[in-house]
Amino acid sequence: ELIIQLSHDRPSHIVVPALHRNRAEIRRIFLDHMPDAPRDLTDDPHALAEAARLHLRRLFLNTKVAVSGANFAIADTGGLLVAESEGNGRMCLTLPETLISVVGIEKLIPRFSDLEVFLQLLPRSATGERMNPYNSVWTGVTENDGPKHVHIVLLDNGRTKALADHTGRQALRCIRCAACLNVCPVYQRTGGHAYGATYPGPIGAILTPLLVGIEHAPQLPFASSLCGACYEVCPVEIDIPTVLVKLRHDAVTAKPHKAQDATFAAAAQAMGGRRRWTAALRSARLLRLVRHAAPPPLSRWTRTRDLPDPPPQPLRDWWAKRK
Ligand code: SF4
């Protein structure tokens, strides 16, 4: 988060927000935006971690008001839990005088004892650890210990709307472990920024349209090959492919694509008869003339890449000549 904030960047991964930065870039960001970074800072990971640690510690010790999230909100005790690896979360929770915790309403779990399950699921699926190095639970204010004022903001922001969607509501079970991102072939090639939203990857492709409305993110459910790897790895068994298909249906119902419909109708005509299909394959050779600079609307494609090179002759013609 520090790297992202300093460089005014956006996170590309749920668990590792600066995954897209290498250590040379991180060194440059620290030198440019962190006045207390040592001028002889190297890109050695230990040196970078130490510089970040010293910088953050000074901030935590001098900050009056802190804002945090939480991984779980516990209904029977009123407690909140943050699970983390570095310890900076615990400093944020305990050192400032006032703590404001902003928590999505789907983070509520009924009982403290339910943490037994979730605190096993989360680290094992997120980082492969048996437990998180830091699990911090806070329940209101305790005299002479931690913040003097605690405010909890329960955030809806589209979650009630998502709950009303009978197929999509399962996305609210997500515990943000990012296992689905790590196995997704689309995420692996595009990275997280391509999703253009807070939550990238397969869970982002369903959660974002559910939270903001399909009309504001109609392309996201199509950012998937529907291979099912996300469903297989998800520790809370969210059937992401089924939700994706449902959201695709919502997207095309909300805004029909006339050009796409016309393309498929033309393809159906061409494929509907043997002669028509053979003629279409032969005429595909004409694409060679425009494969580097096609007329609109194909020009949007050829501005950045070439159209596929059609073979000099269709298979049927080649086969007929061999006989
Ligand atoms: S959808 Fe499942 S695998 Fe993906 S982040 Fe959420 S809990 Fe983890």
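Please treat every number below as a calculation from the coordinates, not as lab data. No experiment lies behind these values; they were computed from the predicted model shown. A quick note on method: Cβ atoms are made from the backbone with ideal geometry, for glycine too, and the neighbour counts reach across all protein chains shown.
Protection proxy ranking, highest mean first, for peptides 199-206, 215-222, 268-275: 199-206, 215-222, 268-275, where packing is the per-residue count of other beta-carbon atoms within 10 Å, averaged.
With respect to the chain, whose longest principal axis is taken over its alpha-carbon atoms, helix 274-283 is tilted by about 70°. Sparsely packed loop sites in segment 19-112 (the chymotrypsin sites (Phe, Trp or Tyr not before Pro) outside DSSP H, G, I, E and B with at most 13 other Cβ atoms within 10 Å) do not occur. 3J(HN,Hα) along segment 111-128, derived from phi through the Karplus expression 6.51 cos²θ - 1.76 cosθ + 1.60 where θ = phi - 60°, amounts to 10, 4, 5, 5, 4, 3, 6, 5, 6, 8, 4, 4, x, 5, 7, 7, 10, x Hz, with x in place of Gly and Pro. Across segment 204-323, Cα pairs under 8 Å and at least six residues apart give a relative contact order of 17 percent. By the beta carbon rule, with partners counted only under 4.7 Å, the chain holds these lone Cys residues: CYS92, CYS174, CYS177, CYS184, CYS227, CYS234. Net length available on complete extension from ARG303 to VAL236 is 19.9 nm, with 0.36 nm assigned per residue and the Cα-Cα distance removed. Using the average count of surrounding beta-carbon atoms within 10 Å as a protection proxy, the listed peptides 145-151, 162-168 rank, highest first, as 162-168, 145-151.
With respect to the chain, whose longest principal axis is taken over its alpha-carbon atoms, helix 201-212 is tilted by about 80°.
Counting only Cβ charges, +1 for Lys and Arg and -1 for Asp and Glu, the dipole size of the chain around its Cα centre is about 2460 debye. Across the options ALA280, ALA267, ALA294, the greatest Cα extent toward the positive end of the charge dipole of segment 258-322 (unit charges at beta carbon of Lys, Arg, Asp, Glu) belongs to ALA280. In the chain, the longest principal axis of the Cα atoms and the axis of helix 258-271 are about 40 degrees apart. Quick check: Cα centre of segment 131-167 to Cα centre of segment 258-323, how many Å? Each part's Cα centre sits 55 Å from the other's. Once the Cα-Cα distance is subtracted from the 0.36 nm per residue extended length, the ALA320 to THR42 segment shows a gain of 93.4 nm. Calculated mean residue ellipticity at 222 nm for the chain: -12000 deg cm²/dmol, from DSSP H runs with n ≥ 4 weighted as -39500 (n - 2.57), summed, divided by the residue count and rounded to 500.
Taking a straight line from the alpha carbon of LYS64, these lysines sit under 24 Å away, with near neighbours fewer than eight places off in the same chain left out: LYS148. Taken along the Cα-to-beta-carbon direction at a fixed 7 Å, the label points for ASN144 and ALA268 span 7.8 nm.
Only Cα pairs under 8 Å and 6+ residues apart enter the sum, and on that basis the relative contact order of segment 168-254 stands at 33 percent.
For segment 48-53, backbone phi angles converted through the Karplus equation (6.51, -1.76, 1.60; θ = phi - 60°) give residue-by-residue couplings of 5, 5, 5, 4, 5, 4 Hz, Gly and Pro being listed as x. Peptides 4-17, 87-100, ordered by how many other C-beta atoms sit within 10 Å of their residues on average, highest first, read 87-100, 4-17.
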